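In what follows, a single structure is set out as structure tokens and then discussed.
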Amino acid sequence: MSQFQRRNVPINPNNTKPGKDRTTNTFAGLGFATLGALVIWNSQEFESSGAVTPIFIGTALIVLSVSLIAASFLVPRAIPSIEAPSGSLWRRAIGAMVIVVWVSLLPYFGFLPTSIAAFIAISFTVPTAQVWSVQKFAFHAFTAAAVATLFWFTLTSYLGIALPETQLPFFN
Amino acid sequence: MDFLNFAFDTFTLSNIAIAMIGMLLGIVIGALPGLSSTFALAVLLPLTFTMDATSALLFLGTVYMGSTYGGCFAAILVNTPGTPQSITTTFDGYPMAKRGDGGFALSIACFSSVIGGILGIIAFLFLAPQLAKIALLFRPPEYFWLAILGLTIIASLSEGNMIKGLIAGFIGLLLSQIGVSVVSGDARFTFEQTALIGGIPFIPATIGLLCLPVVIDLLSEPGHHLASPLRARNGQFGRAAREIWNQKSNVVRSSIIGTVIGVIPAAGGAVASLVSYSEASRAAPPERKFGQGEPGGVIASEAANNATVGSGLVPTFVLGIPGTPPDAVILAAMLVHGVQIGPKLFTEHGDVVYTFIAGMLFATVMMLPVGLVLGRYIYLLVMKTPKTILAPTVALMTLIGAFAIQNSYHDVVIMLVLGFFGWGLTRFGFPVAPIVLGLLLGPIAEQGFAQSVMIGSAKGDVIGYFFNSTISILLVASILAAVVLPTLLRAISHRRYVPIPETQRANKP
């Protein structure tokens, strides 16, 4: 409970764990301050007119990062708390991996096969109360093929966009 | 009177059909995440080669207006801005959709877009020569301060999180430094990667930073993406009309801001919607919580970004300076069709210009019924679509949006890297919208800053050169106000808090 209240509302209802946030903000501040320093150091290689803006940005990053660290120690409750993500982190990680694999395979397998496979894989990643069955899988496979083909046809035929084709002889 | 004479020429069957088709195509393309107004115009430009000059301009103008409005669909319903101009629409539009007010949000976005669009076109019609003078008043220091103002505003909107907002803004500026410098020609921060020589492409970066985290978060929880409508579907039109009437000062102010900022070359709809959003939140009574589903936020953003469409054509038509990439495509179409740009355009090519303006006005008015009907059905479609289909479809659109702008696989990789970077930053409490704005404003800020330093050095007074005009001083004052005012207001509200005695505090839950 906050020491100060107005109309029964805490001063900063979000910030309930300033100690943990202080550590996070300190690490983030140190990281960005280091980045600012690296930018300034790297800018020495450039012509003076090309170096002036990166040096300005690097300096601003250092000043702001120091301010963030100072604020998290001096006025921790003035900084809103860092919200932990709701929902499953594992599903996020799996979804991210599916997208990485999809993009990695895109130049080799082409747009259509990878997109249909990724569509189905992402569908499986979404949490659902229903149990996956053969019918459900068939429905999602059909939807994946329909949506990906619709996009592919529209983009290649009407908008003149050359989506990646498969490079593997097996598919040609 | 010239306008009225030529306006009647607009209402031929072919011109009306061209305007309607252009607007519908624009709305559809703009609604897809990542496919911007520039993309819509560039892709559809070849279709105009067989048209006469009037029809070609009418078609492109309505595509531009439609795509600017279309950006609000994805912004409100999926939290993925269809166009950069719609970034601020996500701030309140998406929270409204989440709580079941998506249809209402789309309706007020439609009303605001139409009103803003009409005011921008009227300004273009009656004030073009006068507005063109504003564009000429901006020199390197003013451009620099304008870019910093944009960053400061978005940082100040990061609810009590200004330092993190500013850090994010400067990260965006830093990203804009990657590639060959426009000032010195140095290849900066490319790490010997040829893909980075041309810099970080804006559209893929925007999709990565704003859309990919949405896709990843869609996968984390079961249930439907949006809540069911709070009210009966049929009530949205009247409710939206009443809201617009209640917020008429917000609509007019945002449209004027959009009109004025649209005239300044390179500023564009993203800056206009940001400034008008900031002004709307500042002028609103405290009970209106901007950023938490306040209709005024959607109104401010949409009225301003559509107002820039008409006014942005002023420097293009009068001075031959395309203020934004879409204006450059329209300028190219004018040159292809032999329309000479310049102050005499309105007298020498009155038939083309006035017919174009009347057609734009007609299409913008027609956007109201079309937008309201489309909005209702698209909202219901997105609401009823299960996440198992919605999430992969949005993922597919983000990939296509990143790839399509330059047909480049590297852009997809950049989108992916920045997407994960943006998602990671949000976990540390850093907002990503300032990064996008920093990336957008980076080239303007750098050119303004470096040129000001060079000119100032030549004059022997670098610092003085940054402050030697009224506009510069006004912009600096606005920056200080954006930084100081929220802190001051918070300090005042702190003073109103009173310590609660221990005895009473113990009774609180």
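Considering only residues in the stretch B:401-425 that are in contact with an Asp or Glu (Cβ under 9 Å, 6 or more places away or on another chain) and open to solvent by 20 Å² or more (accessible area, probe 1.4 Å), the one that is nearest to residue B:194 (Cα to Cα) turns out to be B:405. Quick check on residue A:57: is it modelled with pLDDT under 80 and within 10 Å of another protein chain (Cβ to nearest Cβ)? No, not satisfied. Within the stretch B:179-205, residues that are more than 18 Å from residue A:49 (Cβ to Cβ) have Cβ atoms under 7 Å from residues that are open to solvent by 40 Å² or more (accessible area, probe 1.4 Å) and assigned to a strand (DSSP E or B) in these pairs: B:197/B:180; B:197/B:187, counting only partners at least 6 apart in sequence or on another chain. Applying the selection to the stretch A:63-109, what residues are open to solvent by less than 50 Å² (accessible area, probe 1.4 Å), part of a helix (DSSP H, G or I), in contact (Cβ under 8 Å) with a residue 12 or more places away in the chain and β-branched (Val, Ile, Thr)? Result: A:69, A:98, A:99. The listed residues are B:62, B:88, B:80, B:68, and the only one of them that is in a helix (DSSP H, G or I), open to solvent by less than 10 Å² (accessible area, probe 1.4 Å), of a type in the set (Ser, Thr, Tyr) and farther than 20 Å from residue B:23 by Cβ turns out to be B:88.
Within the stretch A:138-166, the set of residues being modelled with pLDDT under 85 and farther than 21 Å from residue A:105 by Cα comprises A:154, A:157, A:158, A:159, A:160.
Any residue in the stretch B:243-263 that is modelled with pLDDT under 90, open to solvent by less than 10 Å² (accessible area, probe 1.4 Å) and not small (Gly, Ala, Ser)? Yes, the stretch B:243-263 has at least one match. Here A:127, A:169 are screened, and the one residue that is open to solvent by less than 40 Å² (accessible area, probe 1.4 Å) and modelled with pLDDT under 90 is A:127. Pairing each residue of the stretch A:23-52 that is within 22 Å of residue A:69 (Cα to Cα) and of a type in the set (Ser, Thr, Tyr) with any residue that is in a helix (DSSP H, G or I) and open to solvent by less than 80 Å² (accessible area, probe 1.4 Å), provided the two are 6+ apart or on different chains, yields C-beta distances under 7 Å for A:26/A:69; A:26/A:72.
Exactly one residue among A:142, A:151 is within 7 Å of chain B (Cβ to nearest Cβ), open to solvent by 30 Å² or more (accessible area, probe 1.4 Å), assigned to a helix (DSSP H, G or I) and out of contact with any strand residue (DSSP E or B) (no Cβ under 8 Å at 6 or more places or on another chain), and that residue is A:151.
When B:452, B:469 are checked against the criterion of being farther than 22 Å from residue A:28 by Cβ, of a type in the set (S, T, N, Q), over 25 Å from the mean Cα position of the chain (by Cα) and within 14 Å of another protein chain (Cβ to nearest Cβ), B:452 stands alone in meeting it.
The values are calculated or read from the model by the stated rules, or taken from the named source; none is laboratory data. Because the structure is a prediction, the values reported are computed rather than measured. With ideal geometry, Cβ positions are generated from the backbone for all residues, glycine too; neighbour counts draw on all protein chains shown. Surface accessibility is based on the protein's heavy atoms, side chains included, excluding ligands, DNA and RNA. Shrake-Rupley method; radii C 1.70, N 1.55, O 1.52, S 1.80 Å.
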